[in-house]
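A short worksheet on the structure shown next.
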Amino acid sequence: MDDLLAEFLTESNEGLQVLDNELVKLEQNPNDPELLSNIFRLMHTIKGTCGFLGLPRLEGVAHAGENVLGRLRDGEITVSPEIVSLILECLDRIREILAALEATESEPEGDDADLIARLNAAAEGKASAPEAPAADEPAPEPVEMVSEEESQPGDASEPEAVETEAAAEATVEAAPESEAPVEPTPETPEAPKPAASDAPPAPAAKAEAKATKESAVANQSIRVNVDLLEDLMTMVSELVLTRNQLLQILRTQKESEFGGPLQRLNHVVSELQEGVMKTRMQPIGNAWAKLPRLVRDLSHELGKKIELEMRGADTELDRQVLDLIKDPLTHMVRNSADHGLERTEDRVSTGKSETGTIVLEAYHEGGQIIIKISDDGRGINVDRVKEKAIVNGLATEAEMEMLSDQQINQFIFKPGFSTAEAVTAVSGRGVGMDVVRTNIEKIGGTIELTSTQGEGSCFTIKIPLTLAIVSALIVACAGERFAIPQLSVVELVRASGASEHSIERIQDTPVLRLRDRLLPLVHLRDLLHLENDFTELTEEQEDVRRDDFIVVTQVANYSFGIIVDRVFDTEEIVVKPVAPILREISLFSGNTILGDGSVVMILDPNGIASVTGEINVTDKAEEDAQQEVAHAEDRVAMLLFRAEGNTPKAVPLSLVARLEEVDLAQVEASGDQRVVQYRGQLMPLFTMEGSEEPTSESGRRPVLVFSEQGRNLGLMVNEIVDIIETPLNVELSGESDGFVGSAIINDAATEVIDVGYYVNLAFDDWFGAGRQATADAGNGRRVLLVDDSAFFRNLLSPLLDVAGYQVTTVESAVEALQLCEEGRDFDVIISDIEMPGMSGYDLCEALKTKRWAETPIVALSAHSSPGDIARGREVGFADYVAKFDRDALLSSLDETLAEMRGAA
Amino acid sequence: MTQTGQDMTGTDLSNDFVTFWIAEQLFGIHVLKVQDILAQSKTTPVPLAPPEIAGSLNLRGRIVTSVDVRCRLGLPPDTSEGGGTSIVVEQDHDLYSLLVDSVGEVLTLAADSFEPNPPTLSPAIRQYATGIYRLEKELLVVLDVDRLLDYGRSAAA
């Protein structure tokens, strides 16, 4: 497919997604002018771009929609649910056409006259002041493309100005110190621009002008094919395995010359793994994007007032995981709206607010993502669940009596279980929570439900950050090793005849008394029908004689213990699917290659739980497990080391970027500052206050590397002692510089160092000077490209790069001004003219009064009429280049720079 | 390994077979199917797997499922302590190693010595065999790897 078209499709779809949500917001706040401006601009962008690409049908629909929005914004008609629905319909039509466009690369046949007529009727019929504009707007038929193009600038001039004002306001809010000239008035005569001028599809994130920072991050990006990332991930996974194998070999050799390089490789691979994982991360908000519209539609359909609150939409998780939870989440929100929340009248009669609330929440916790979906509806009706469970034969009445309400609630995860009274279009079709649960468990996650009748229910989903690499506990049984995903392991208990924990039997069923409760146990050996090939003992004797390890495992609310012979350490493993022949064995979720090169099977706790029967729900065990987790979180990983004196030193491990060893022979002096070459940079080195200077000129010293805003500094120490997890209570405030205070760690008074102190030292003494030097040295031609469209930035920046320029891109004039403020320098600036907020003209004018007054600015516009060029010259642009003329741009840059050199 | 049916010298490989022995019977599989020949290597048994699955092994970072062909063909287990050799084949992007008693040479066989399975051949062998080649000294049974590894089908059968 044509790259331009592909880019257009992607960005338009993003725009549509934002539009959906913005419209729903608009319905709630009909009087928000900024919101309206945003919506108008997004629609305008879509329309403009398709005009530019020659898509008349699409343009016709978009144009009609834009008309209505224009009227709304100008206050000529008012926002009503009907109008919003109509516009949403218009968006759906655009989507349809886009989908066909994607499939066939050409616009589908079809007639939109009806929709357009209705849109126009909405725009005109309801206009409070029936003014002339109606005449200006011929019903946009594809054939009349050209006339429309001509008539449109007149229409657009006014909205454009308003928009500029609104955006400029937002800009001022965002950066009060920048001298953004808020002068939309002179712009009005210039505003007429054809569609193409606004063609750069505004990226979704920019919809909120206030969120300048956020959108800057979003737009510092390139699009990469997902397959490529997948391949990279696979390769990194293999690399991790190989590294593990090397480290394993290293462990068996006391002195090895490979030690140093391997440690280095170890660090690099870890970082690479982390980096590649990050590239696959996407904010969970992407999976939520469709929900506001869904809830809005549902609330209309069901006649309920529903508010959807979304928190933590920027929580990131692996896109593979994201894809897999998208549908379950949608299903659950739909469920909450349909039968979680009561009807409005029921709510009022029970004294609740009319509007029901569904809260979606996501956050990271202990290497997992927690997603909560809660509503303040009626909660689960325990009696009905009971009834239904008995009717469906899932449990007997007697069994039911034994269960707590929370345990009974878990039945809704059983197949064919729906408590909705009536099958509605929305839910209640009996495919429900069991499918959700299966899907979540498929990705190694768990789902739990808590519910209070009359007050609402809350689903908690825990899922791993990524599927590709998991941390697993390696255990052995009957001479074979197995991996158990760490995620499901709650704790390890050693059971032997002598210790307080011993395995007891009820008939043949082993159980364990653990903190005053009975934990059901399964023997891995029995489960897997493993032969016991190394003892001749009878089973009873064995139980007494051998120490057994019990891996306490939790699946949803069900805790159970797996008895194994031995427990090794945990290892990061790459989950590989098993051969199709073995897929039927539900006890394994995959297999992997361990550090020593051997293949082991990965046990699937979900499979084991279902084989052993999970009706023995013990919800107290769960509480316990949670306490355990909470306890663990109070602890901080500290790096213990020795420097000067006898007192051990410590620093929170999270502050340490890396541990390195530095060859003293490579330490150089720069002034009175010691530095070492590190990753292509000079890294300043410090020693602890008062510690003896390294006397010898050779040998290696361990160095703690701290990283601050991309700059490294090293703290040389004598010895790295250990990393331990400890509750951190700093007891004495430090008296000397460089210490936070003392803490008792490992039963010894330990000084906790203040990393900030060293960073300040390094920053003042060294970085200040260093930066100056590089700025003076730089004589390459540095180009600053200012363009609000990611599309054009992506288009131009490689071009300039190839032509030998050093390119920096920013997406708004405000950011360009920030760079100026920060003291960055460029040889030439290329700026787009039409940008939301501050335009290119404004930027050019603003810069005249600043440090960059001498830096030539080349204007870039899709529109280069003589009038525009004249105005450009007037404002002070060195040159004016059409956006699509690459050669003109390059030669203009050349000339401009040559002129500058000539003048200087 | 070339996939085009021609090796680098341009020789036609379409009638080349890797031969191996199981229970003193000569078998052959198409040479283009074969990725590798392994001597006995460390195999991890897979509990609960069907009996013909000898286990999994690590071949240069890829996990290979080892299939005991003797068991698959319904022949009695190998009582000798020889250990055996594995022929690695790829099937639908998964690697399998076929555990056999010993591997013979690669033979180029003339099409005119090929005959369909005799109807009296034991069903266990017949379902995986495509036919027989008449060699000078013995008979070679050609096995179809796809069928041999099509677990779903044979389980249904």
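The values are calculated or read from the model by the stated rules, or taken from the named source; none is laboratory data. Everything quoted here is computed from the prediction, not taken from an experiment. Every residue, glycine as well, gets a Cβ built from its backbone with ideal geometry; the counts of neighbours run over all protein chains shown.
Is segment B:31-46 home to any residue that is modelled with pLDDT of 85 or more, more than 11 Å from chain A (Cβ to nearest Cβ) and in contact with a Phe, Trp or Tyr (Cβ under 8 Å, 6 or more places away or on another chain)?
Yes: one or more hits.
Just to check your reading of the model, which residue among A:Val490, A:Val475 is out of contact with any Ser or Thr (no Cβ under 7 Å at 6 or more places or on another chain) and either assigned to a strand (DSSP E or B) or not assigned by TED's automatic domain parsing to the domain that holds A:Ser237 (or both)?
A:Val475
Considering only residues that are out of contact with any helix residue (DSSP H, G or I) (no Cβ under 6 Å at 6 or more places or on another chain) and either at positive phi or of a type in the set (Phe, Trp, Tyr) (or both), which ones fall in segment A:552-589?
A:Ala556, A:Phe560, A:Phe568, A:Phe588
Quick check on segment A:591-605: of everything there that is surrounded by 23 or more Cβ atoms within 10 Å (Cβ to Cβ) and of a type in the set (S, T, N, Q), which residue is nearest to the other protein chains (Cβ to nearest Cβ)?
Once the filter is applied, the top-ranked residue is A:Asn591.
Which members of segment B:58-70 meet the condition of being more than 8 Å from every other protein chain (Cβ to nearest Cβ), closer than 20 Å to A:Asp596 by Cα and either within 17 Å of the chain's Cα centre (by Cα) or crowded, with 21+ Cβ neighbours inside 10 Å (or both)?
B:Val64, B:Ser66
Does segment A:338-355 contain at least one residue that is in contact (Cβ under 8 Å) with a residue 60 or more places away in the chain, among the aliphatic types (A, V, I, L, M) and either under 23 Å from A:Gln406 (Cβ atoms) or in contact with a Cys (Cβ under 9 Å, 6 or more places away or on another chain) (or both)?
The answer is no, given that none of the residues of segment A:338-355 is in contact (Cβ under 8 Å) with a residue 60 or more places away in the chain, among the aliphatic types (A, V, I, L, M) and either under 23 Å from A:Gln406 (Cβ atoms) or in contact with a Cys (Cβ under 9 Å, 6 or more places away or on another chain) (or both).
Give me the pairs, please: first residue somewhere in segment A:448-463 and without any contact (Cβ under 8 Å) to a residue 60 or more places away in the chain, second residue anywhere and of a type in the set (A, V, I, L, M, F, W, C) and assigned to a strand (DSSP E or B), beta-carbon distance under 6 Å, and either six or more positions apart or on two chains.
Note: pairs meeting the criteria are A:Thr450/A:Cys458.
Just to be sure before I move on: is A:Ile412 of a type in the set (A, V, I, L, M), at pLDDT below 80 and surrounded by 18 or more Cβ atoms within 10 Å (Cβ to Cβ) in the structure I sent?
The answer is yes for A:Ile412.
Given (1) surrounded by 15 or more Cβ atoms within 10 Å (Cβ to Cβ); (2) under 26 Å from A:Asp323 (Cβ atoms), where does A:Asp231 come up short, assuming only one miss?
It is condition (1) that A:Asp231 fails.
Residues to consider are B:Arg147, B:Arg134, B:Arg126; find the one that is more than 18 Å from the chain's Cα centre (by Cα) and surrounded by 13 or more Cβ atoms within 10 Å (Cβ to Cβ).
None of the other options fit; the residue is B:Arg134.
Residue-by-condition table, conditions (1) at pLDDT below 80; (2) part of a loop (DSSP other than H, G, I, E, B); (3) of a type in the set (S, T, N, Q):
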| position | (1), (2), (3) |
| --- | --- |
| A:Asn21 | no, no, yes |
| A:Lys25 | no, no, no |
| A:Ile46 | yes, no, no |
| A:Asn67 | no, no, yes |
| A:Cys90 | no, no, no |
| A:Ala117 | no, no, no |
| A:Ala121 | no, no, no |
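Please determine, by comparing only the residues of segment A:73-107 that are more than 21 Å from A:Gln28 (Cβ to Cβ) and free of Cβ contacts under 8 Å to residues at least 24 places away in the same chain, which one is surrounded by the most Cβ atoms within 10 Å (Cβ to Cβ).
Selected residue: A:Ala100.
Among A:Ser797, A:Ser812, which is the only one that is surrounded by 15 or more Cβ atoms within 10 Å (Cβ to Cβ) and at pLDDT 80 or above?
A:Ser812
Matching residues to (1) without any contact (Cβ under 8 Å) to a residue 40 or more places away in the chain; (2) surrounded by 19 or more Cβ atoms within 10 Å (Cβ to Cβ); (3) within 14 Å of chain A (Cβ to nearest Cβ):
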site	(1), (2), (3)
B:Gly28	no, yes, no
B:Pro51	yes, no, yes
B:Ser56	yes, yes, yes
B:Pro77	yes, no, no
B:Val89	no, yes, yes
B:Ala110	no, no, no
B:Glu115	yes, no, no
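Just name the residue that is nearest to the other protein chains (Cβ to nearest Cβ) out of those in segment A:241-254 that are surrounded by 20 or more Cβ atoms within 10 Å (Cβ to Cβ) and in contact (Cβ under 8 Å) with a residue 40 or more places away in the chain.
Per the stated criteria, the residue is A:Leu241.
For B:Leu135, which of the numbered conditions (1) out of contact with any helix residue (DSSP H, G or I) (no Cβ under 6 Å at 6 or more places or on another chain); (2) within 21 Å of B:Gln35 (Cα to Cα); (3) of a type in the set (A, V, I, L, M); (4) more than 14 Å from chain A (Cβ to nearest Cβ) fails to hold?
Answer for B:Leu135: the failing condition is (2).
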